[in-house]
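K.L.:
Mind having a look at this structure? Questions to follow.
The values are calculated or read from the model by the stated rules, or taken from the named source; none is laboratory data. Here the structure is a predicted model, which means the values were calculated and not measured. Please note: Cβ atoms are built from the backbone with ideal geometry, for glycine as well, and neighbour counts cover all protein chains shown. Accessible surface is based on the protein model in full, side chains and every heavy atom, while ligands, DNA and RNA are left aside. Shrake-Rupley method; radii C 1.70, N 1.55, O 1.52, S 1.80 Å.
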2 protein chains.
Amino acid sequence: DVSRDLDESLLQDFMDAVDNKKIEGFLRDLTKVPHMATSAGDEATVEYMMQHWNDQESGLDQAWRQNYVVYLSFPDPKKPNKVTVVAPNTTVLHTAREREKSYGPDQDDPEVVQPYAAYSPAGTPQGKLVYANQGKPSDYMLLNKTLDLRGTIAICRYGGAGRAEKAINAAPYGVVGVLVYSDPLDINDGLMSDSNETYPHSWYMPPSGVERGSFNTDYGDLLTPYLAAKESTYRIPVQNITGIPPIPIQPIGFEDAYVLISQLGGESAPANWQGGFNCTYNYGGPGFKPASQFSNSDVKLEVFNFAKLKNSSNVMGIIRGSVEPDRYVIYGNHRDSWVHGAIDPSSGTSVMLEVTRVLGRLLKQGRWRPRRSIIFGSWGAEEFGLIGSTEYAEQYYTKLSERTVAYINVDIAVFANATLRASGMPSVQNLIFTAAKQVKAPGLESTSVYDNWLRYSNRTSPAYGTVPRVGYLTGAGSDYAAFVHYLGITAMDFSYTYDRTKTKARIYPAYHTAYDTFDYASRYIDPGFTSHQAVARTAGNVLLRLADSLLLPLNVSDYAETLEAYLATALELHQGSAAPPQIAHAIVFLKSAVDLFRSAATQLDQIIKSSDLANEIPLKVRRINDQLMLMDRAFLDPQAFPEKYGFRHVIWASSSSGNAATFPGFADAFARASSSGLEGDWFRAHRQISILSQAINGAAHMLMDGFQ
Amino acid sequence: DVSRDLDESLLQDFMDAVDNKKIEGFLRDLTKVPHMATSAGDEATVEYMMQHWNDQESGLDQAWRQNYVVYLSFPDPKKPNKVTVVAPNTTVLHTAREREKSYGPDQDDPEVVQPYAAYSPAGTPQGKLVYANQGKPSDYMLLNKTLDLRGTIAICRYGGAGRAEKAINAAPYGVVGVLVYSDPLDINDGLMSDSNETYPHSWYMPPSGVERGSFNTDYGDLLTPYLAAKESTYRIPVQNITGIPPIPIQPIGFEDAYVLISQLGGESAPANWQGGFNCTYNYGGPGFKPASQFSNSDVKLEVFNFAKLKNSSNVMGIIRGSVEPDRYVIYGNHRDSWVHGAIDPSSGTSVMLEVTRVLGRLLKQGRWRPRRSIIFGSWGAEEFGLIGSTEYAEQYYTKLSERTVAYINVDIAVFANATLRASGMPSVQNLIFTAAKQVKAPGLESTSVYDNWLRYSNRTSPAYGTVPRVGYLTGAGSDYAAFVHYLGITAMDFSYTYDRTKTKARIYPAYHTAYDTFDYASRYIDPGFTSHQAVARTAGNVLLRLADSLLLPLNVSDYAETLEAYLATALELHQGSAAPPQIAHAIVFLKSAVDLFRSAATQLDQIIKSSDLANEIPLKVRRINDQLMLMDRAFLDPQAFPEKYGFRHVIWASSSSGNAATFPGFADAFARASSSGLEGDWFRAHRQISILSQAINGAAHMLMDGFQ
Ligand SMILES: [Ca+2]
Ligand SMILES: [Ca+2]
Ligand SMILES: [Zn+2]
Ligand SMILES: [Zn+2]
Ligand SMILES: [Zn+2]
Ligand SMILES: [Zn+2]
């Protein structure tokens, strides 16, 4: 039936059937062994996904694997990376742990990869140690005022800057190697002792815990920009890779970091550089205190990482749409972890498997087939830079761009038990609210996920008053990146998260360590798996609404609200600036573009409101849906940010100019021009305003039938 | 009615109503005065279009003007450009004509612009003259082997290289100025005398005739790449413009060219450099023969061109679609001329006005409304580089890309009376054939345009046997460029053209001169205007089929035929080369992409054949139509040709490697790598093959419902 709409009672059946015990079971299965990308454990999860998605009673219409040949970086199992303190007479005075301490069989698994910085070059730099805070440009700049950094090794805390940036920012000063660790202040609310404070006694990171990670600034396979990494695809020369550390970098646990930092000489670092150790964080002499046992000693890194082309798999599944099979709702998460990855990513994978199990049953029982097609993606090699999802987006660029209604990402499904967290384009705000109102909050019988969320995080909307705060997908933090920034597809990301009054941890403390296990997840993150269940219900509800609603549940007037807020900030920035007159002129045009967008959105809303869509000709509904679906594509400009790989969306691209809530290209160019005052920089600012005006006008036109 | 299909009897009514006398009337009106872009005459044509498209009895639903502020280049009316021969004692021995000779009131119009090279820099270079044939890179290379070109003025014939290239290619050798002229051999079948051979006695160019033109290699407004040239739009600094002459260049008539060339000293140039003058074309001493009256004299250019931002208008009109208003068929031509522009562009504008008059009557009489929307564009400032159409494409990029079914261009409607000429994507071949079979050939009562065409220009198709040859839109010769190369929209270009056994003229001889007048058109190009009528019927027939057919009349299997032919040439080129092994590997993948495209096309054709579309649900027809409409978009890659402005279509981009009928990026990269043998050049060739494979696979996927 062409005019079939969402069936609310079927939606309720879906939500009722979402089973926390099943999620627990999926998580237990998925986390039996480490499953780093392209490892034997990863292959086992591929087969696990295939088996479930091909199941006769609860599978999808079709499931398949899709391989890419991608450039990954690993430590050498036969020559582990080392960090040592070396006395002038070459005696080794201290050796950092090479593996995290074991508290059970999970950590003993020989497949646990040594902590390392993926894409760090190999090398054995040695030098006097300095403390560089978070490794931000401003940190090295300040440090360089006090010290000669040439030939030094810098130690940084995680946070404040991207992983690779800590080394990229250091190299110009002559730093030869970098160490990075999680400071107990940032990750453990200050706690440090594994005799009673840290895991296995709590969710906190044990002293030997190390956050692994990918150290690159660009996403996707590094050798195949804009091309899907098939076997015969052209690969750029390795020396042309940009955005990776130019000098060796290695992560260590805070127990070793303490040994090094507590002995540092030199002046004491500023207050906001101080971390959680019971010592003063000094800059370094460079090097250690004269009175230290390490006095005059160097720190030496031995990094033996090597890069290799590996076969990485996405597992794809599809439920074909009955009425509009050429419209796709995509739901995805990565499958690969650093170690057992119970929370990252298997909490999300378990949620996805439960969503597909329940939908698969409805499908196989003949009770349901979606109006639109639903595609599920279990992405490979996300941890190395969102590779599987990005290669997929590159391969099917036009098809996905023309047909995809929305992308839903659930990576880490549960960070903590307090509240829903949701991010996405403003057009999905109401859709998320509708879903969140229909799901009960875990542990709170009479409260909805929505009402609970409203208590934890809210804002005042000009249109609606106080509403929960939906975040923006401005970065490249998970697999939504290629969908948002490269394809311009409406996207969302869901999780359950913290009560920020209870912890200041940067992220859940076992993140990317050997402690992110089923034991950890089931004891400290979500005992009973009811937060997982709430996320599955919410994300599944959103998925069904997108797949089955006659009219796409996307609200473009809410997008106008964000554009207006961004414009207001831009106008303020401009008023306080010394911009030349042509900028003022261009900003008037930008304002008129935002006004046109608002009026086009209002008009479309009125057309929708005044139409009896179920009784209109089906092509009218399709036309409106196409307007809603494709509007975001007009925000793409492949010329806008030539220096930012894969960022084409002029509203959501990342910004380096701080947190002002405004258009990123405007913010960055304006900050630069305001600070330099150079004519060429004002030219760039003007260009960004013109790019924005054209994109916003173009998006407004996507909502309009005519041209005037 | 959602399933309404094309009404063949209405189509016949349309064709019957197309009136050669009306076309003649439109042409007479449009050519009363010169109407160079942004001149008073141009403004008069704007109003003329508006008046007709707003007519109560034969107008469109809506018509409006749309302005852009564009960068144009003009000669200084108060200080005309001069070309002189200057003796060593500074005596002026010869002065080239500043205006073309008058044979009637048209040439006397004070608004006739002096012949000039738009975008030539101003300057007064002076030096010894050399003859550089067509100004190709190979011409200057050869000349440079014989002569020291530093400080010389080069004279070139039109043809063989783009206008601007004649100066761009010269500058690296130290040439300081360039003259260009139309050689009688190339334009006049050798004829030269205006006492009985040239206009007003025939269609041939009089001795003082000069082809004006835009001397730039990039299309669109030169100051606003990728941005519509609105008033407040960011403009690049003038010194950053690329693709324009770095040294002054000026066109002259062949009567003055003869005076110069016949006196040149030095060795005689090769046979294929010889033109139609009754003298030997020498290289130049440099400079004139010792025995010449000009011996030891220089040639001096005085070019006073200046550039200015001007307001240029497109006139737009729309007939709204009844069933699918959000699908556009666009029909366009430029409105601006160099002088009176009877043939270029007013022959096409008259044809467009007749098409809109007949459709407008049907519309206003309530007899017809198209299924899809039809947009008409009367573009401004085409002569300066396709500016109006390109700025329009930039402004509405996403909207046009998502909704446009096809673009039809009729610029010069009639070059000559012999046969139809049609170019376009291979998917429109059958559509054009169908239309051409329904139109009778002018002057041949019982022959169709199709049968007549088949006699003049044909090829053997593997699928159909002998068929008329449809050309490809690989260049940027008229306003289809932005639609094909920037937007990836299915496009066509129509005209009536020469019997090549009767003339070798590069183009009709009055092209871009002051002789391209109503008198010229009606006496020598199309007396009776029946060729105009045939073009109006053919293009209108195509337009109606695209606008009204239930199923879009686009054939993707015919596209496969071209891809296969291109692939076969690529395989041959590869077999004869010393390409490294990874290229062979990549070519296998390219072949598999072409195979996938073929099988996807076959499958889609079968789905179409086996469907009773009028009785299917309307969304199925829409789905198939979307597949047909959007397939070409997958061939766009904004990264493919960073050095070619506005060229993104990997099948149709222009190629600089000669005429091999294969993928342009492949052809160019392969030619370069084969000749240099450098590893980096083979990398580039490999990259082009990967870009092609991904685009062709992507296009195949646009034809497929699923992913496997
Ligand atoms: Ca890639
Ligand atoms: Ca422009
Ligand atoms: Zn993750
Ligand atoms: Zn992760
Ligand atoms: Zn023209
Ligand atoms: Zn022209």
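K.L.:
Of B:Tyr515, B:Tyr520, B:Tyr464, which residue is of a type in the set (Ser, Thr, Tyr) and open to solvent by 20 Å² or more (accessible area, probe 1.4 Å)?
P.N.:
None of the others qualify; the one that does is B:Tyr464.
K.L.:
Does B:Ser208 qualify as being away from chain A (no Cβ under 14 Å) and at negative phi?
P.N.:
Against the criterion (away from chain A (no Cβ under 14 Å) and at negative phi), B:Ser208 qualifies.
K.L.:
Applying the selection to the stretch A:530-586, what residues are open to solvent by 40 Å² or more (accessible area, probe 1.4 Å) and not in a helix (DSSP H, G or I)?
P.N.:
A:Leu551, A:Gly576, A:Ala578 - these are the residues of the stretch A:530-586 that are open to solvent by 40 Å² or more (accessible area, probe 1.4 Å) and not in a helix (DSSP H, G or I).
K.L.:
Against the definition (within 16 Å of ligand 6 (Cβ to nearest atom) and modelled with pLDDT of 95 or more), how does B:Thr95 come out, yes or no?
P.N.:
no
K.L.:
Could you say whether any residue in the stretch B:625-641 is part of a loop (DSSP other than H, G, I, E, B), more than 21 Å from A:Lys399 (Cα to Cα) and modelled with pLDDT under 95?
P.N.:
There is no residue in the stretch B:625-641 that is part of a loop (DSSP other than H, G, I, E, B), more than 21 Å from A:Lys399 (Cα to Cα) and modelled with pLDDT under 95.
K.L.:
What about A:Asp632, is it closer than 29 Å to A:Ala482 by Cα, touching a Lys or Arg at 6+ places or on another chain (Cβ under 7 Å) and surrounded by 22 or more Cβ atoms within 10 Å (Cβ to Cβ)?
P.N.:
No; evaluated as a whole, the condition is false for this residue.
K.L.:
Checking the conditions here, which among B:Leu60, B:Leu72 is within 28 Å of B:Ala229 (Cβ to Cβ), in contact (Cβ under 8 Å) with a residue 24 or more places away in the chain, in a loop (DSSP other than H, G, I, E, B) and not polar (S, T, N, Q)?
P.N.:
It is B:Leu60.
K.L.:
How about the stretch A:37-57: which of its residues are touching a residue at least 24 places away in the same chain (Cβ under 8 Å), under 17 Å from A:Met352 (Cβ atoms) and in a loop (DSSP other than H, G, I, E, B)?
P.N.:
Within the stretch A:37-57, just A:Asp55 meets the criteria.
K.L.:
Still on this structure, please answer the following. Name the residues in the stretch B:57-116 that are closer than 30 Å to B:Lys289 by Cβ and charged (D, E, K, R), would you?
P.N.:
B:Lys82, B:Arg97, B:Glu98, B:Arg99, B:Glu100, B:Lys101, listed by residue number.
K.L.:
Being free of Cβ contacts under 8 Å to residues at least 60 places away in the same chain and in a helix (DSSP H, G or I) is the filter; apply it to the stretch A:99-131 and report the residue that is surrounded by the fewest Cβ atoms within 10 Å (Cβ to Cβ).
P.N.:
By that ranking, first place goes to A:Pro105.
K.L.:
Out of A:Ser657, A:Ser675, I need the residue that is away from chain B (no Cβ under 14 Å), in contact (Cβ under 8 Å) with a residue 12 or more places away in the chain and among the polar types (S, T, N, Q). Which one?
P.N.:
So the residue among A:Ser657, A:Ser675 that is away from chain B (no Cβ under 14 Å), in contact (Cβ under 8 Å) with a residue 12 or more places away in the chain and among the polar types (S, T, N, Q) is A:Ser657.
K.L.:
Across the stretch A:593-616, what is the number of residues that are touching a Ser or Thr at 6+ places or on another chain (Cβ under 9 Å), exposed (fewer than 15 other Cβ atoms within 10 Å of the Cβ) and of a type in the set (Gly, Ala, Ser)?
P.N.:
Counting residues in the stretch A:593-616 that are touching a Ser or Thr at 6+ places or on another chain (Cβ under 9 Å), exposed (fewer than 15 other Cβ atoms within 10 Å of the Cβ) and of a type in the set (Gly, Ala, Ser) gives 1.
K.L.:
Filter the stretch A:220-246 for residues that are open to solvent by 10 Å² or more (accessible area, probe 1.4 Å) and more than 20 Å from B:Asp681 (Cα to Cα); which is farthest from ligand 5 (Cβ to nearest atom)?
P.N.:
This residue is A:Pro246.
K.L.:
Here is a follow-up. Given the residues B:Val428, B:Val358, B:Val329, B:Val414, which is the only one that is within 16 Å of ligand 6 (Cβ to nearest atom) and more than 14 Å from chain A (Cβ to nearest Cβ)?
P.N.:
Being within 16 Å of ligand 6 (Cβ to nearest atom) and more than 14 Å from chain A (Cβ to nearest Cβ) holds for just one of B:Val428, B:Val358, B:Val329, B:Val414, which is B:Val414.
K.L.:
For the stretch B:337-344, state whether one or more residues are free of Cβ contacts under 8 Å to residues at least 60 places away in the same chain, farther than 20 Å from B:Ala393 by Cα and not in a helix (DSSP H, G or I).
P.N.:
no
K.L.:
Condition check: touching a residue at least 60 places away in the same chain (Cβ under 8 Å), surrounded by fewer than 21 Cβ atoms within 10 Å (Cβ to Cβ) and more than 14 Å from every other protein chain (Cβ to nearest Cβ). Does A:Leu6 satisfy that?
P.N.:
Yes: the conditions hold for A:Leu6.
K.L.:
Check B:Ala96, B:Ala164 and return the single one that is open to solvent by less than 60 Å² (accessible area, probe 1.4 Å), out of contact with any His (no Cβ under 9 Å at 6 or more places or on another chain) and more than 19 Å from B:Leu260 (Cα to Cα).
P.N.:
B:Ala164
K.L.:
If you don't mind, another one. Which of the following residues is within 31 Å of the chain's Cα centre (by Cα) and either among the acidic types (Asp, Glu) or crowded, with 21+ Cβ neighbours inside 10 Å (or both): A:Ser347, A:Ser297?
P.N.:
Being within 31 Å of the chain's Cα centre (by Cα) and either among the acidic types (Asp, Glu) or crowded, with 21+ Cβ neighbours inside 10 Å (or both) holds for just one of A:Ser347, A:Ser297, which is A:Ser347.
K.L.:
Could you tell me whether A:Thr474 is within 26 Å of A:Asp558 (Cα to Cα) and open to solvent by 10 Å² or more (accessible area, probe 1.4 Å)?
P.N.:
Taking the combined requirement at face value, the residue satisfies it.
K.L.:
Would you check if there is a residue in the stretch A:259-278 being under 30 Å from A:Tyr71 (Cβ atoms) and either of a type outside the set (Val, Ile, Thr) or at pLDDT below 95 (or both)?
P.N.:
No - not one qualifying residue is present in the stretch A:259-278.
K.L.:
Within the stretch A:582-635, can you find the residues that are within 8 Å of another protein chain (Cβ to nearest Cβ) and not basic (Lys, Arg)?
P.N.:
A:Gln582, A:His585, A:Ala586, A:Val588, A:Phe589, A:Ile617, A:Pro618, A:Leu619, A:Asp626, A:Gln627, A:Leu630, A:Ala634
K.L.:
Working carefully through the options B:Tyr226, B:Tyr219, B:Tyr234, find the one that is in contact with a Gly (Cβ under 9 Å, 6 or more places away or on another chain) and within 14 Å of another protein chain (Cβ to nearest Cβ).
P.N.:
B:Tyr226
K.L.:
Can you list the strands (runs of 3 or more DSSP E) lying wholly within the stretch B:365-458 that have 2 or more residues being open to solvent by 10 Å² or more (accessible area, probe 1.4 Å)?
P.N.:
B:419-424
K.L.:
When residues of the stretch B:610-647 are filtered for being aromatic (Phe, Trp, Tyr) and touching a strand residue (DSSP E or B) at 6+ places or on another chain (Cβ under 6 Å), how many remain?
P.N.:
Adding up the residues that qualify gives 1.
K.L.:
Go through (1) in contact with a His (Cβ under 8 Å, 6 or more places away or on another chain); (2) within 10 Å of chain B (Cβ to nearest Cβ) for A:His649 and report which single condition fails.
P.N.:
Going through (1) in contact with a His (Cβ under 8 Å, 6 or more places away or on another chain); (2) within 10 Å of chain B (Cβ to nearest Cβ) one by one, A:His649 breaks only (2).
K.L.:
Next question, about the same structure. Name the residue that is surrounded by the fewest Cβ atoms within 10 Å (Cβ to Cβ), counting only residues in the stretch B:667-689 that are closer than 17 Å to B:Pro642 by Cα and touching a Phe, Trp or Tyr at 6+ places or on another chain (Cβ under 8 Å).
P.N.:
Ranking the candidates gives B:Phe683 first.
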